[in-house]
Amino acid sequence: MLESTGVQGYVHISARTLNELDQTDQYSIFPGTDEALASAFLRENSIKTYLLTGEITLDPDTYRLDSWGSLSLSALDIHDRPELDVRNQLVSGPNNSINDELREEFKNMPVSGIALGQFGSACCGNKSEAKTDSDQPIHNLCLHFNDPVLEWKYLTQPDYMFKYSMLLAWCIGCSLVYVQLVESLDPCDMCIVIDFFAFITLTVLLVIAWYKKICWWMYGRSEKILYDKWNCMIFRAHDKIVRHMTLRICIYIFILTTYFSIIVIIVLNCNWEEFQMMDIESKLYHYELDLNMCFHPWVVTNMVALIISISFTFARIPFMVKTVVTLSLTTVYMVIVFFQFQFIFHHSATINPWFPSENAHGMRILITLITMYLKERHSEFNNKIGYKWSVELRRKQEDADKTNQSISIVLNNILPGHVVNVYITTLARHELYYEEYKMVSVMFASLENIKMDLRNLRMLNEIIREFDRLLIHYQEYYVVEKIKIVGGTYMAACGLDVNYADRINNRFVKHDSLLEEVEQAQRKRKSSCVGKHEELHEEVVFVMATFALDLMRTLWTVKKAYEELKLYYDRSLICGDMSIGISSGEVMAGVVGASHPHYDIWGNPVNMASRMYSTGQIGHIHVTEETAILLREFGVECIYRGMTFVKGAGKIPTYFVAIDDDYHFVPVTQWSLTTDRRQSLPLFCAADANSISSKDD
């Protein structure tokens, strides 16, 4: 109200706003305008108005002249504003938000299994700076995720390296069998049976692991190959082993048990009591004792070291399972070395004359165990950190995808679909985008008798939501776009199809081929022939009128629903009706704004549609003469209202669209159609205007 009753060059404010100003002596204040004094609304609410000028009193303590000689406020000094770096990012000093975020992310990186600095600070009593166990993603000792869900997901990953692990296991198994057969002086039947069983089982597992890969190498993706049920059984067995952690652990323990059983056969095949008697006789009769008459101790020790190495080499086996199994095997072998067969190991070769041989064997096993443990620990830690980062990256990518989808949804709700991509790629650089159309139908639908309070706002929201649901159908099939909503006024347009635009900002529209450029040139040429109605796409006028009629039906449905619930709702909430205005013609469309973009249209049809609804009547669709002529062309009757005064255009003939009580168009009669077509000739062919008589005018 203050804007409409103000004066150019002045700021029109109320007395309440003036009281909120701290330094009123800096402005030149004048009384309000005569229009404000005559306003019934301002008098009813006892609002007194004032005019402020842009001329302010100069104060050397408050104002200063900048280097360009213009006036500026010292309170808005540039040094008090956030600084901008070379990348146009807000920086609030040396500790900017981006660097702080990077430092925090770096602090959260688990760069080692044990945080020595934090451990030392905690030991020194500085507990506030030391991280707790809950802050560490991985346990320092067991190397498992503190998050059990994340740990379970990590363990249940498919083992696509299973075939290579089985190939290595088969090679090691064959080597152990060969060594066992060579080292055994008197191989027993049980030894041969166990060796044969170990070789067969390892070979079967190797075939299962590599059969699918071999078929791929031989046949590839050939559709002519049909595998039988046995092949499919092998494929399914391989996939089940690869994807099932429990099966892999069972196979892992079975292989190590088989390996160790070969070692046990070598050891148990030795009669250590006979070895002792031979040792005593050699000393009595002074002859050289064959130390390898039972078994070669260093061969057995090297075989155990090989088993320890292969136990840590298997992939996708839990680290603690590897550690427990390997420690168990090491413990059993240490018992054999230091207790059960200590006499035999004692007489084997040693690394130092004063160093017992059994200690040398134990040291060899312990060194192998510690080396492989540390190596596997380092590998497991890196794998888990990589997995955790991949999970976080995947989560951030999903969040980014959701954000992009949300942005796309929001932009599609704000802008038409064909403008969204242009806005993202172009208007982010604050470029201009516009479209020109020869024929667009514009509609203003205003809800009357609505007071802007909370209860009526809820009612208005329900009505607009129903309108938008109706719009979705028209938007998809008939290219009807909602432009904006101002208060209770619903503005829409039909015909804003970029495929039929007369002119587009070609700087940002890329043509896919030369044919598309030729088609656009043909559209421009054909659109210049105003006499051809089909090239102007005048059907948009009929679609717009149909949409307006559906809005009236929707409003009637909402009113009917609230009237049935009048016992529970306030009767005053039910709005009366709405006034609709439609005009058609040439418009320009485009996107204005950068931070809050808005797709809007401009042109005489927009102004005339606004005047049609403001000068129309409740429950009627008020249209201009040009629109009425086009609607009659499509068989819709339009009733002549008379000469209506329109701001900016004077008195012009206007029409009401004929609607029956059931909200249907009244069809035009043949006589009326013939007469109206004759009257409409001056609107389309100005050259024939002289042939029309004054009576027809």
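The values are calculated or read from the model by the stated rules, or taken from the named source; none is laboratory data. These numbers come from a predicted model, not from an experiment. In this analysis, Cβ positions are derived from the backbone assuming ideal geometry, glycine residues included, and neighbour counts consider all displayed protein chains. With ligands, DNA and RNA removed, areas are computed over all heavy atoms of the protein, side chains included. Shrake-Rupley method; radii C 1.70, N 1.55, O 1.52, S 1.80 Å.
Extending 7 Å from Cα along the Cβ direction at E448 and again at K229 yields two label points whose distance is 8.2 nm. Rolling a 1.4 Å probe across all protein chains gives M608 an accessible area of roughly 20 Å². One decimal place: the segment I639-T615 gains 7.1 nm when fully extended, by the rule 0.36 nm per residue minus the C-alpha distance.
Report in % the part of the accessible area of the range 612-658 that belongs to carbon and sulfur, leaving out ligands and nucleic acids; probe 1.4 Å.
On the way: 1110 of 2000 Å².
C and S atoms contribute 55 percent here.
Among E151, E466, the order of accessible area from largest down is E466, E151, computed with a 1.4 Å probe on protein heavy atoms.
Structure note, pairs K451/K559; K438/K651; K48/K647; K322/K375: Cα-Cα distances above 20 angstrom occur for K438/K651; K48/K647. Amide H contacts of C638 (H built 1.01 Å from N, in plane; Pro and chain starts excluded): A658 sit under 5 Å, all sequence-distant by 5 or more or on other chains. With θ taken as phi - 60° and the Karplus curve 6.51 cos²θ - 1.76 cosθ + 1.60 applied, the whole-hertz 3J(HN,Hα) list for the range 6-16 is x, 10, 4, x, 10, 9, 8, 10, 8, 5, 5 Hz, x standing for glycine and proline.
How many nm separate the modelled label positions at D468 and F196, each set 7 Å beyond the Cα in the direction of the Cβ? So the two model labels end up 8.0 nm from each other. Where the alpha-carbon atoms of the range 344-499 are placed on the principal axes, they occupy 110, 41, 29 Å, in descending order. The slack between L432 and S261, meaning 0.36 nm per residue of separation minus the straight C-alpha distance, is 53.5 nm. The fraction of accessible area contributed by carbon and sulfur in the range 356-442 is 58 percent, rounded to a whole number (1.4 Å probe; ligands and nucleic acids excluded). Per residue, the range 307-410 exposes 55 Å² of accessible surface when a 1.4 Å probe is rolled over the protein heavy atoms with every protein chain present. FRET efficiency for V7 and I414, Cβ-Cβ distance as r, R0 = 35 Å, nearest 0.05? The value I calculate is 0.50.
Show F381, F30, F196, F295 ordered by accessible area, largest first, where the area counts protein heavy atoms only and the probe is 1.4 Å.
Largest accessible area first, the residues go F196, F30, F381, F295.
For K163, the solvent-accessible surface with a 1.4 Å probe is about 30 Å², rounded to the nearest 10. With R₀ set to 45 Å, the beta-carbon distance separating Q405 from I47 gives a calculated FRET efficiency near 0.45.
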